[in-house]
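*Asks:* Handing you a structure now.
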């Protein structure tokens, strides 16, 4: 009987420890070390954004010099779990780089990011076609956007009425995915 009780206690301790490793409450440390470089040289002074994808929580890594940045996920209020993916972006002047890592049971990760020029997105008019006639006075302006960096974009629509020299902001669509269409309705135009 005593042997069964000891076995049961040991088994209980093992199960509790197993579950404590599976997820981590806020405050449990996990350090990510990030090395940022441009053309093989370390870069200090970059903005390094770290997103824990499972919770959506975002933090910014501290610059330790010589291209090294660090962040402790224990400071995230929603915590983290083993196996979660973390997405890391580095911004420096006109350069951009990104990488991701999966959280392991070691309590730390090393990630390298090589910066490249941040390319501007390409915008293609979908409708109405250029030089269209007989267009509604409330036309839907639709564009197709492509970003070689695959970033999520904010697309601003500008327009001006015939005879007006000033372009006016018609609206903004945010969170536009790469290689997708987005549109806005331009209201109350006049035939000219």
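*Asks:* How many angstrom lie between the C-alpha centres of region 148-175 and region 45-85?
*Replies:* Between the Cα centres of region 148-175 and region 45-85 lies a distance of 33 Å.
*Asks:* Stokes-Einstein D for region 122-185 at 25 °C, 0.890 mPa s, Kirkwood Rh over Cα pairs, in µm²/s?
*Replies:* Once the numbers are plugged in, D ends up at 191 µm²/s.
*Asks:* Rounded to two decimals, what is Rg over Rh for region 56-192 when you use alpha-carbon atoms and the Kirkwood radius?
*Replies:* Answer for region 56-192: 1.15.
*Asks:* What is the gain in length, in nm to one decimal, between residue 164 and residue 64 on full extension, counting 0.36 nm per residue of separation less the C-alpha to C-alpha distance?
*Replies:* 30.8 nm
*Asks:* If you don't mind, another one. Taking each pair of distinct Cα atoms in region 63-120 once, what is the resulting Kirkwood hydrodynamic radius in Å?
*Replies:* Numbers: mean 1/r = 0.0767 Å⁻¹.
Kirkwood hydrodynamic radius for region 63-120: 13.0 Å.
Read-outs throughout are calculated quantities, based only on the coordinates presented, and are distinct from any laboratory measurement. Fair warning: this is a prediction, and the values are worked out from it, not measured in the lab.
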